[in-house]
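Here's the structure, in structure tokens; my notes come after.
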Amino acid sequence: MDVLINVFVALHIIGIASLLGGFLTQMKAMGAGTARFSPAMLHGALTMLVTGVALVGLNQADDQTVNNIKIGIKLAVLVVVLGLVYVKRDEERVDKGVFAAVGGLTTANIFIATLWT
Ligand code: HEM
């Protein structure tokens, strides 16, 4: 079970790499107001959701304690990110504020995940 959990943690991290990477590579475009939500960002956010839910199930099946408040906050923040990226996925230019919000919320989730021990 440990190996399976670690595989899902790895997939979870690939998801965040895709979501945050998509944001970081467009910071210059964001400043110019020409950034857009790339498929990598949408698929990264979806990967976070699917692997996160799987991790909750796997940890509970393995009798490991899961911090429900921390997971609930990460889930709520991710739902906002996913909603924004999904709704605006076809827009060729995303408003600077909306794009920055997705990057900021994603970064906040990384700090929640790593600092809340
Ligand atoms: C952008 C959103 C998210 C980020 C940046 C993120 C980040 C991380 C990171 C870095 C880890 C490994 C470190 C650790 O074990 O504490 C982790 C583990 C985990 N994540 Fe996430 N996560 C996100 C969303 C979610 C969601 C939506 C869920 C569940 C619905 C979730 C559930 C879990 C679980 C169960 C673990 C392993 C158990 C734990 O240690 O807390 N994550 N996450």
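Just so you know, all these numbers are worked out from the coordinates, no wet-lab data involved. Computed from a predicted model, the values in this text were never measured in an experiment. Glycine gets a Cβ as well: all are built from the backbone with ideal geometry, and neighbour counts include every protein chain shown.
A few comments on the model shown:
- Using θ = phi - 60° and Karplus 6.51 cos²θ - 1.76 cosθ + 1.60, couplings along segment 99-111 (whole Hz; Gly, Pro as x): 5, 5, 4, 5, x, x, 5, 5, 5, 4, 5, 5, 5
- Calculated from backbone phi, Karplus (6.51, -1.76, 1.60) coupling profile of segment 68-79 in Hz, x at Gly/Pro: 5, 5, 4, 5, x, 5, 4, 5, 4, 5, 5, 4
- Local net charge near Gln26, Cβ-Cβ under 15 Å (Lys/Arg +1, Asp/Glu -1): +3
- Relative contact order for segment 2-115: 35 percent, from Cα pairs under 8 Å spaced at least 6 residues apart, divided by residue count.
- Whole-Hz Karplus values for segment 4-9 come out as 4, 4, 5, 5, 5, 5 Hz, taken residue by residue from phi with 6.51 cos²θ - 1.76 cosθ + 1.60 and θ = phi - 60°; glycine and proline positions read x.
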